[in-house]
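J.: My questions all concern the structure below.
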Amino acid sequence: MNSPAAPLRKSRIDANGAMLLLLVSVLLGMNQVMVKLVNAGMNPVFQAGMRSAFAILPVLGWALWQRRKLSVSDGSLLPGLFCGVVFSLEFFLLFQAIEFTTVARSSVMLYTMPVWLAAAAHFLIPGERMTRNRALGLACAISGVAVALLGNGKDARVGEFALAGDLMAIGAALCWTAIALAARITRLSKSSPEMQLLYQIVVSAPILLAVSVFYAPAFREMTPLLWGLFGFQVLGIVTFSFMLWFWILKVYPASDMASFAFLTPLFGVLFGWLILGEPLTLNIIIALIMVAAGIWLVNRRLRVLAG
């Protein structure tokens, strides 16, 4: 059996690439809305574990079909296990955050990840020094987060546990940052992206499912619609968007792709408003603009990390 033909490499983002990146941003922006909806029928921690468990076979099947290198004997085992544990913590925090706060707020907090990554890379990755643009982007994004946090008490509609949810979402962003760094500075960098993802979902599934026992009951009021939304998460977001992202990464320049990073929190806020009817308060709009501007500034020269 011949392996699939390699896509032709392009020197810039064209119309097709822009549309595909827009699609990925839409899917990722919709992700937290789907989680919020399914939380009504399934405990958040249990949902996170089930999502990882159900994603294993599609991702593994894709990797085998594409003949990707899948190995635990290449020095990647320990950092891979580390990333799996941190991935568990990331999604424990994120799914709980979505339970406590709005999708709009959690999106703004979670997608500050490129900003924290730029700050950490200054100390840990040679050649990734803090430039003027990055420093300005860091300050802009942190100010945006502060605006969002300070707005908690100004609108009772966000819920009494919104601050806890916001802080959990920031914690999830920091976990994501740790995974990205490990994928860059350890032997995990030699693994295929599919192998990196398999480490994360294979390790996180049993951890999250075990922890979910302490958050019983596992099921609340699941309906066929909610099962459909859960299936969409597994196949449409975790599997399809992942495969599409890495296909785009093969074809188009990573530096150009990074310019689209600010779109994901924008879509997260938009879908939270359109689908869930979440309030678009002035402070969250200002926070979104500041965080998006910070991400754009940081990503102007920040390399996209695979994995």
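The values are calculated or read from the model by the stated rules, or taken from the named source; none is laboratory data. Predicted, not measured: the structure shown is a model, and the values here were computed from it. Virtual Cβ from ideal backbone geometry, glycine too; neighbours counted across all protein chains shown. Surface accessibility is based on the protein's heavy atoms, side chains included, excluding ligands, DNA and RNA. Shrake-Rupley method; radii C 1.70, N 1.55, O 1.52, S 1.80 Å.
J.: Loop only per DSSP, at most 16 neighbouring Cβ atoms within 10 Å: give me the chymotrypsin sites (Phe, Trp or Tyr not before Pro) in the stretch 206-241, ordered by residue number.
T.: When the chymotrypsin sites (Phe, Trp or Tyr not before Pro) of the stretch 206-241 are filtered for loop state and at most 16 Cβ neighbours within 10 Å, nothing remains.
J.: With a 1.4 Å probe and all protein chains left in place, how much accessible area per residue does the chain have, in Å²?
T.: On a per-residue basis, the chain sits at 45 Å².
J.: Long-range amide H contacts for residue 42: which residues qualify at under 5 Å (H placed 1.01 Å from N, peptide plane, sequence gap of 5 or more or a different chain)?
T.: Distant-sequence amide H within range of residue 42: 220, 221.
J.: GNM on the chain, C-alpha springs below 10 Å: top fluctuator among 161, 242, 87?
T.: The residue that fluctuates most here is 161.
J.: Still on this structure, I have one more. For mean projected area of the Cα convex hull in nm², the choices are [x] 13.9; [y] 16.1; [z] 19.2; which was calculated from the structure?
T.: Read-out from the structure maps to [y].
J.: What is the extension gain from residue 129 to residue 190, computed as 0.36 nm multiplied by their sequence separation minus the C-alpha to C-alpha distance, in nm to one decimal?
T.: Extra length available between residue 129 and residue 190 comes to 19.7 nm.
J.: Related question: Once you've got the GNM for the chain with C-alpha springs shorter than 10 Å, pick whichever of 169, 287, 121 has the biggest mean-square fluctuation.
T.: Result: 121 has the largest fluctuation of those listed.
J.: Say we join alpha carbon atoms closer than 10 Å with springs in a Gaussian network model of the chain; which of 222, 130, 290 then has the biggest fluctuation?
T.: 222
J.: Given R₀ = 41 Å, what would the calculated FRET efficiency be for residue 223 paired with residue 150, taking r from the Cβ atoms and rounding to 0.05?
T.: After rounding, the FRET efficiency stands at 0.65.
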